[in-house]
1. How many residues does the stretch 21-33 hold that are surrounded by 10 or more Cβ atoms within 10 Å (Cβ to Cβ) and either of a type in the set (D, E, K, R) or within 30 Å of VAL68 (Cα to Cα) (or both)?
2. Among the candidates ARG29, ARG18, single out the residue that is closer than 30 Å to VAL76 by Cβ and outside the structural domain of LEU66 (by TED's automatic domain parsing).
3. Which pairs do you get when a residue that is under 30 Å from ALA80 (Cβ atoms), found in the stretch 19-45, comes within reach of a residue that is surrounded by 11 or more Cβ atoms within 10 Å (Cβ to Cβ) and basic (Lys, Arg), reach meaning Cβ atoms under 6 angstrom, with the pair 6+ apart or on two chains?
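The values are calculated or read from the model by the stated rules, or taken from the named source; none is laboratory data. Quantities reported herein were computed from a predicted structural model and do not represent experimental measurements. For neighbour counting, all protein chains shown are included, and Cβ atoms are generated from backbone atoms with ideal geometry for every residue, glycine included.
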Amino acid sequence: MVAGVLASLAELELELGRERRAASRDVRRARGQAIGRPKALDQSKVALVQRMHASGESAGTIAAALGVSRATVYRVLSAADE
């Protein structure tokens, strides 16, 4: 019986948390604020990645210079191709 009550309270807390997060997302959308993790590179750094790649730099060198992973560099380059 005690376990059932505790389980019910845990479910209630989960539901309240979901509602709070949904309300927070709605408020941020209404204000025009970003939701989620910020991008690793802004537009100026994306342009720098493209220029460095065009000049022959390797993805590893570009990643080290900008402090991001090689996967991020490849993602930026593939998005530019599309």
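1. Residues flagged as surrounded by 10 or more Cβ atoms within 10 Å (Cβ to Cβ) and either of a type in the set (D, E, K, R) or within 30 Å of VAL68 (Cα to Cα) (or both) within the stretch 21-33 amount to 6.
2. Going through ARG29, ARG18 in turn, just one is closer than 30 Å to VAL76 by Cβ and outside the structural domain of LEU66 (by TED's automatic domain parsing): ARG29.
3. That search, which allows pairs on different chains as well, returns ILE35/ARG25; ILE35/ARG28.
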